[in-house]
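The values are calculated or read from the model by the stated rules, or taken from the named source; none is laboratory data. Predicted, not measured: the structure shown is a model, and the values here were computed from it. So basically every Cβ, Gly included, is an ideal-geometry build from the backbone, and we count neighbours across all protein chains shown.
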Amino acid sequence: LNVTAFGWPSFARFNDIARTRIEHVRRTTGKHFYFLALDELSQMRPDAHPGSFEGNDCLHWCSPGEFSVLNTWTQLLYQLLVQLEQVTRDEAKS
């Protein structure tokens with residue numbers, strides 16, 4: 001699998017750009033934004049690296065099922081939203 005051909009090495013740079021932009025918007029508008037970087041997690045999952053299937057890399061090909069990378073992303077997003085809801089409730093009480 002040629003990770004360079006699929007642009008994996010660029011993700012860290014793209015994440016830095018996104019974080020910088022989000023921080024700028026946060027500072028200038030006072031609004032809260034969150035960034036959930038999933039590239040490193042996805043790269044570390046052995047099941048996210050099935051190999052080359054008809055030219056698809058593991059960024060675009062995920063095994064379906066309970067423990068798929070996409071389900072992991074969904075679970076992380078859900079937990080983040082649950083935590084944000086709790087913070088919002090706590091702030092409203094004070």
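Key figures
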read-out	value
Selection status of Ala92, small (Gly, Ala, Ser) and modelled with pLDDT of 60 or more	yes
Selection count, the stretch 36-46, where residues are within 19 Å of Leu84 (Cα to Cα) and loosely packed, with under 11 Cβ neighbours inside 10 Å	1
Flag for Ala37 being modelled with pLDDT of 85 or more and either outside any helix (DSSP H, G or I) or within 16 Å of the chain's Cα centre (by Cα) (or both)	no
Pairs where the first residue, in the stretch 9-34, is in contact (Cβ under 8 Å) with a residue 24 or more places away in the chain and the second is in a helix (DSSP H, G or I) and of a type outside the set (D, E, K, R), C-beta under 9 Å, 6+ apart	Phe11/Gln43; Tyr34/Ile22; Tyr34/Leu80; Tyr34/Leu84
